[in-house]
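Q: Structure provided below as structure tokens; questions to follow.
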Amino acid sequence: IAAQFGTRPLAGRHALVTAGPTHEAIDPVRFIGNNSSGKQGFAIADALAAAGARVTLVAGPVGLPTPAGVTRIDVTSARDMLAATEAALPADIAVMVAAVADWRVDAAAAKLKKSGDAPPVLALVENPDILATIGHAANRPRLVIGFAAETDDLLAHAAAKLARKGADWILANDVRTGVFGTDANHVHLVTAAGTEDWGAASKTAIAEQLVQRIAAAF
Ligand code: CTP
Ligand code: CA
């Protein structure tokens, strides 16, 4: 990637990236999670570093190597991810790629046991929205970018998230096709100015295209 950014256009900038899933504990041995591999977020962190940015990558539980030149902070839950993300501010650029668990449960201190009666009922509590928190923060990064994972009404949902979360750009991806865990993705860039279809591409190519757009905005 480095060869594409010979001038290091983001030198002197701090970029903050979230990536991967979060795991929400049910008890000491079980959790609620999701299918995010972290590949798209790690590719974006890699491309930002190659473009010269100082990169802080707040990563949920994934089995991926840390991209060269990137400072990685490993977290487990959504609340941990929010705390690490806020602690990493100020930043010039925030790219929130993580598939944050929308709900957690109040974790039991001891392992739940089959009692022979009815199975346990998990009461779900909504997690904080990291992108919306950063998008509305007093020390908001100049450029705040989110993703929108959708299975229907892709662009309408993405435009609603853009407004609701205080983001500048949303990369909308249709997760009905094989996105999770694969190297392929298909995104639309949604901004206040309109929508662009970036077509089907590798996660690395999408990361490079996004970083070129970010560099052009600084
Ligand atoms: N996001 C976040 N914190 C959350 C939920 C989502 O930071 N608790 C971010 C994601 O990293 C992504 C964007 O918000 O950049 C959109 O995530 P998505 O799951 O598509 O949106 P939600 O607002 O959670 O809506 P829903 O899942 O109901 O479609
Ligand atoms: Ca969600």
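Q: In nm, to one decimal, how far is the modelled label at ALA192 from the one at ALA217, with both set 7 Å along Cα→Cβ?
A: Between ALA192 and ALA217, the label points sit 1.2 nm apart.
Q: How large is log10 of I(q)/I(0) for region 37-103 at q = 0.18, 0.27, 0.28, 0.29 Å⁻¹ when the intensity is taken from the Debye formula with one equal scatterer per alpha-carbon?
A: Debye output, listed in q order: -0.62, -1.40, -1.49, -1.56.
Q: Another question, then. Can you put ASP92, ASP46 in order of Cβ neighbours within 10 angstrom, beginning with the fewest?
A: Lowest to highest Cβ neighbour count: ASP92, ASP46.
Q: Length gain on complete extension for the stretch ARG30 to ARG142, per 0.36 nm per residue less the alpha carbon to alpha carbon distance? Let's see the in-between values first.
A: Numbers: separation 112, 0.36 × 112 = 40.32 nm, distance 3.85 nm.
Contour length minus Cα-Cα distance gives 36.5 nm.
Q: How much space per residue, in cubic angstrom, does the convex hull of the C-alpha atoms of the chain take up?
A: Normalising the Cα hull of the chain by residue number yields 132 Å³.
Q: Now a separate question. Quick check for the chain: number of Lys pairs with alpha-carbon distance under 27 Å, counting only pairs 8 or more apart or on different chains? Provide the component values of the computation, followed by the final result.
A: On the way: LYS39/LYS161; LYS39/LYS165; LYS39/LYS203; LYS161/LYS203; LYS165/LYS203.
Value for the chain: 5.
Throughout, read-outs are computed from the coordinates displayed, never taken from laboratory work. Just so it is clear, the structure is predicted and the values come from calculations on it, not from any experiment. So basically every Cβ, Gly included, is an ideal-geometry build from the backbone, and we count neighbours across all protein chains shown.
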